[in-house]
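Asker: Dropping a structure here in structure tokens format, bear with me for questions.
Taken together, the values in this text are just the output of simple stated rules run on the coordinates, not laboratory data. If you're wondering where the values come from, they're calculated on a predicted model, not measured in any experiment. Because the Cβ atoms are built from the backbone with ideal geometry, glycine has one as well, and the counts that use them run over all protein chains shown.
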């Protein structure tokens, strides 16, 4: 790496990745024309890394991306054997490791799963944003239901975008393959993935019996946080689901309530107009409630859900880190009890020791990065929800105030009329 | 003090009596000077629990309400006399109302607050002893008295006056009027003529009857739907209280986000708590609607009673016609219509001339009686219809005015609820910004 500037929150050591090319960082002076967030021309893209350690958030925002990915256009793919949905994945980039600046491929959910497992395998202690779940058991939603597909599409879009924002993951070879290769199937069949997954499980089983020798306190603290965070996220998620449910039931009753005013109005004379007034206010408020629910389901619910899944991801990351350490400790123990042929084993142990250090450093670096984006995501989701609720009440307020005005204005007229006569 | 008032009211009663007889009915309606409420300030000030033995010597707990009265002229003069007061049970209010209904069958008598809590959303207590229910009932009873005392016809009633001023012996006085016999007679007649059809129904009153049916069904549908909405609204608000608990737990593990989360949680608790007041206020709206639900019944009763009068009249007319026919048959010996008498005459020969004479005389008497009856009942019916229509017109105006105001108040309640919501969520947003 030749004088490359690296963001300070990623520690010095880069993971040893055989397929990976050296990270090359461009530094052009051309600034973004028109400030367009989604530049189309490679020349208008700027790539800068700032070393500002103090303001992490600013840093996140200041990194001008050189790769943009969108997931859209879900389509049914019907074959003799099966039916599934594919999504269009469009990539625009100026990165040199990409031969072209634009790519368009179609991917199915399984392909995303493949990418995720590849990334986890290659970067075991980096935090990969979760994928939407395979099935949604709770709501018994059909796989090909429009809402389900749209929700999934958005989550897949977020998943890929998180990767593009990640300084290390975005450079993953598998990521590039995912974005560019026409056919992913051949890659899926090859690769050590399956086997390494197997061995990881076996190692985990073996290690859980022995237990870790010494867990660094910082990781113990991290583990505790992860467990608490998981519980808290689940609670917040559950409460939010319950709120959405109650909102829906409230809206259903409002829809029944409004018409009773209109029905009554039919048999009244002077009272008909105020009755219809109240009825239409109730109607309008129920529409606002519908919108509010929609917003809640589109903004807060998915975000919370993703962080529930994140908690699981974090647990897995911690486990993998523990396994790496356990593996080293096992070999180290074996070395200690050996008397002959020590050199080869020593080399192995040294390699494993390096691996442990790299894993720990990667996790440390990604940990603060994750914490920052978690905070930003959840904060933003709650702020918008609160704002939407304020907006909801403001709209309802306006509805009732205009009714009040019409009624009071009328009674003023009546009084004036009576005085006149 | 009570003496003065009594003296005054007696004098005024005489005045209003003269007014009623001299002027037309409609004028009496307008002369508000005859209203009891003008002369007397009335309120139901308090409620208290009592226990004692009831009619079957069983221990029971019941609520009594303090009815206070003060002479208006004393207040107008700036003197502030202490009120006269007495305690009344709900059953005594019922007795008063039943008496008024029987005594003024053509008046839409104001209803009492409900005997048992209906249209209850789940958190609201259906218990008659619940303090909120008792309080709302107190207001309803006061409202009843104010309506009756300001009614152009009802306010002049003596039993009403005694209800307000004579604590002991009032019940006996009411029973002594013998109004219950009328109730019995009415219900007997009603049972007899359960499916009677009136030949020439009073068009406007029949329309009113249909209107009252509609009013009853519409208000009860509205109340039922509102109750369900209230239930759901309650759930929405209360569930947000869980955010308070959950945010608090979460804030414990977060360094930067902790404060923001914690304070946002407090606002969520406040939000959840705010629904209790909101829904309690809405109960007043429900009470106003319930009053008109009961009013619908009273309106229907007036129309129905007229139908009964009409039916009685038609029965009497029918009876008169058949008696006249009998007289004709006897007098001329010609049997126009088939009758058992005609048959037996044909078969066994007619009776002796002396018997015929006696029968004819009796018939003449009965016919004369019958004609009187028909005249009386026709006048009664017409008077009933006229008076009823006048009160119905008054009732319609009152209803339109009251309900329009109720809807305005409802809108004010909704506005207040929205403002509270804006406040809470703006505060929460501020807290989230600090996360």
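Asker: Work out how much length residue A:408 to residue A:165 would gain on full extension: take 0.36 nm times their residue separation and subtract the Cα-Cα distance, in nm to one decimal.
Answerer: Extra length from residue A:408 to residue A:165 when fully extended: 81.7 nm.
Asker: Then there is this: So for the pair residue A:97, residue B:318, with labels modelled 7 Å out along Cα→Cβ, what separation do we get in nm?
Answerer: Placing both labels 7 Å along Cα→Cβ, they lie 10.3 nm apart.
Asker: Over the whole of A:394-405, what's the average partner chain Cβ count within 10 Å per residue? Rounded to a whole number, please.
Answerer: 5
Asker: Moving to a separate point now. I'd like the per residue volume of the convex hull spanned by the Cα atoms of the range B:237-284, given in cubic angstrom.
Answerer: 42 Å³
Asker: Hey, with R₀ at 22 Å, roughly what FRET efficiency would residue B:89 and residue B:207 work out to, going by the Cβ-Cβ distance, to 0.05?
Answerer: According to the calculation, E is roughly 0.05.
Asker: Shielding by partners for B:250-257, please: the mean number of other protein chain Cβ atoms within 10 Å of each residue's Cβ.
Answerer: Per residue, the average neighbour count from other chains is 5.
Asker: Please label the shape of the range B:361-411 as rounded, prolate or oblate, based on the square roots a ≥ b ≥ c of the eigenvalues of the alpha-carbon gyration tensor (a/c under 1.5 means rounded; beyond that, a/b larger than b/c means prolate, else oblate).
Answerer: prolate
Asker: Would you mind giving the mean number of other chain beta-carbons within 10 Å of the Cβ of each residue in B:258-267, as a whole number?
Answerer: Mean number of neighbouring Cβ atoms from other chains: 1.
Asker: Quick check: pseudo-label points 7 Å beyond the Cα along Cα→Cβ at residue A:376 and residue B:181, how many nm apart are they?
Answerer: Distance between the two pseudo-spin positions: 9.4 nm.
Asker: When only Cα pairs under 8 Å and 6 or more residues apart are kept, what is the percent relative contact order across the range A:273-374?
Answerer: Computed over the range A:273-374, the figure is 25 percent.
Asker: What is the Cα convex hull volume of the range B:117-253 when expressed per residue in Å³?
Answerer: 219 Å³
Asker: Could I ask something else about it? For the residue pair residue A:354 and residue A:368, what label-to-label distance in nm results when each label sits 7 Å from Cα along the Cα-to-beta-carbon direction?
Answerer: Here the modelled spin labels are 2.6 nm apart.
Asker: When the Cα atoms of the range A:211-421 are enclosed in a convex hull and the volume is divided per residue, what value in Å³ results?
Answerer: 114 Å³
Asker: May I pose another question? Please sort B:162-168, B:416-422 by packing, taking for each peptide the average over its residues of neighbouring beta carbons within 10 angstrom, highest first.
Answerer: So the peptides B:162-168, B:416-422, ranked by packing, come out B:416-422, B:162-168.
Asker: Applying a 10 Å radius around every beta-carbon, put B:322-332, A:302-312 in order of their mean neighbour count, most first.
Answerer: Result, highest mean first: A:302-312, B:322-332.
Asker: Let me ask something else about it. If contacts are Cα pairs under 8 angstrom and at least 6 residues apart, what is the relative contact order of the range A:211-421 in percent?
Answerer: Dividing the mean separation by the residue count of the range A:211-421 yields 28 percent.
Asker: Residues of the range B:63-89 with backbone nitrogen within less than 11 Å of a virtual label 7 Å along the Cα-to-Cβ line of residue B:129, please, listed as ranges.
Answerer: Only B:63 pass the distance filter.
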